[in-house]
Amino acid sequence: MITLGLTGGIGSGKSTACRMLNDMGARVFYADKVAKDIMQNDADARALIRDTFGSTSYNEHGSLNRSYLAAQVFSDPSKLEKLNAIVHPLVFDAFEDAKTQAESDGVELLVHEAALLFEAGGDAHVDYVAVVTAPDDVRIHRVMQRDDTTERAVRDRMQHQLPQDEIRDRADFVIPNNADREALQAKVRRLYEQLVTEAKAASD
Ligand code: ATP
């Protein structure tokens, strides 16, 4: 089995590429969803978050107070580091479990999708990293349409991510997504076939 980290800036088309990979037969581990699930449901994470950020972190019915936590961590980088130090190791544990399960299910390609893969150190847990790229104006336009939001709000979110050039330099594969969905599908198919061929050769 091969593990592939898949990342890219906001609106680049990561989720779209992952859906395509999943349809082709890959299994996808959505790290950002797993992180949210851990913050909501993992007893150790809940206790640590409460100890670090106070009881306001969860509302009276026990659900995560996302707006409070977001305000805390975006106003203070040291708080973001603290939250990451709680959540990231648990996400990587969950990924290691997903790897074991995928191996035993005979999966050839396991994809670890994360918006902030390099920032979180997720690249150390995978064999290769692929980055989906698109020009800023295309990404902004796509997200404004998808989320019914403003250019300013999208640019604000972009500020919290590594510049696209840097992600591209650190990745093993680059998937430009500057044309239509069919063009993306063809590129994703080529990468999928290359990696599955490698996985099969390694297991022979
Ligand atoms: P985020 O980081 O915000 O989760 P993402 O990188 O996962 O974004 P997607 O949600 O896959 O990006 O794509 C952003 C939007 O652009 C979606 O509405 C998607 O359907 C659309 N999109 C993706 N690729 C293309 C394409 N090649 N042509 C047209 N629309 C596209």
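The values are calculated or read from the model by the stated rules, or taken from the named source; none is laboratory data. This structure is a prediction, so every number in the text was calculated from the model and none was measured. In this analysis, Cβ positions are derived from the backbone assuming ideal geometry, glycine residues included, and neighbour counts consider all displayed protein chains.
The requirement of being at pLDDT 95 or above, of a type outside the set (V, I, T) and more than 10 Å from the ligand (Cβ to nearest atom) is satisfied by R170.
Rundown of residues vs (1) part of a helix (DSSP H, G or I); (2) more than 24 Å from V91 (Cα to Cα), yes/no style:
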| residue | (1), (2) |
| --- | --- |
| V129 | no, no |
| V143 | yes, yes |
| R168 | yes, no |
| I175 | no, yes |
| L184 | yes, yes |
| Y192 | yes, yes |
| V196 | yes, yes |
| A202 | yes, yes |
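Being of a type in the set (A, V, I, L, M, F, W, C), within 16 Å of the ligand (Cβ to nearest atom), in contact with a helix residue (DSSP H, G or I) (Cβ under 7 Å, 6 or more places away or on another chain) and at pLDDT 95 or above is true of V111.
Screening the candidates D165, D127, D156, D148 for the property of being of a type in the set (D, E), farther than 30 Å from L48 by Cα, within 16 Å of the ligand (Cβ to nearest atom) and not assigned by TED's automatic domain parsing to the domain that holds F74 yields one hit, D148. Quick one: E182 ticks every box in (1) over 28 Å from E103 (Cα atoms); (2) of a type in the set (D, E); (3) modelled with pLDDT of 95 or more; (4) more than 14 Å from the ligand (Cβ to nearest atom) bar one, so which box is it? E182 satisfies all of (1) over 28 Å from E103 (Cα atoms); (2) of a type in the set (D, E); (3) modelled with pLDDT of 95 or more; (4) more than 14 Å from the ligand (Cβ to nearest atom) except (4). Among the residues making up the stretch 10-26, those that are farther than 16 Å from H141 by Cβ and of a type in the set (A, V, I, L, M, F, W, C) are A17, C18, M20, L21, M24, A26.
Among the residues of the stretch 117-127, just one is assigned to a loop (DSSP other than H, G, I, E, B) and crowded, with 19+ Cβ neighbours inside 10 Å, namely V126.
Taken over the stretch 167-182, residues that are of a type outside the set (G, A, S) and under 19 Å from D127 (Cβ atoms) amount to 8. For the condition loosely packed, with under 12 Cβ neighbours inside 10 Å, hydroxyl-bearing (S, T, Y) and part of a helix (DSSP H, G or I), T100 qualifies.
Please go through the stretch 158-192 and give me each residue that is hydrophobic (A, V, I, L, M, F, W, C), surrounded by fewer than 14 Cβ atoms within 10 Å (Cβ to Cβ) and closer than 15 Å to M24 by Cα, ordered by number.
A186
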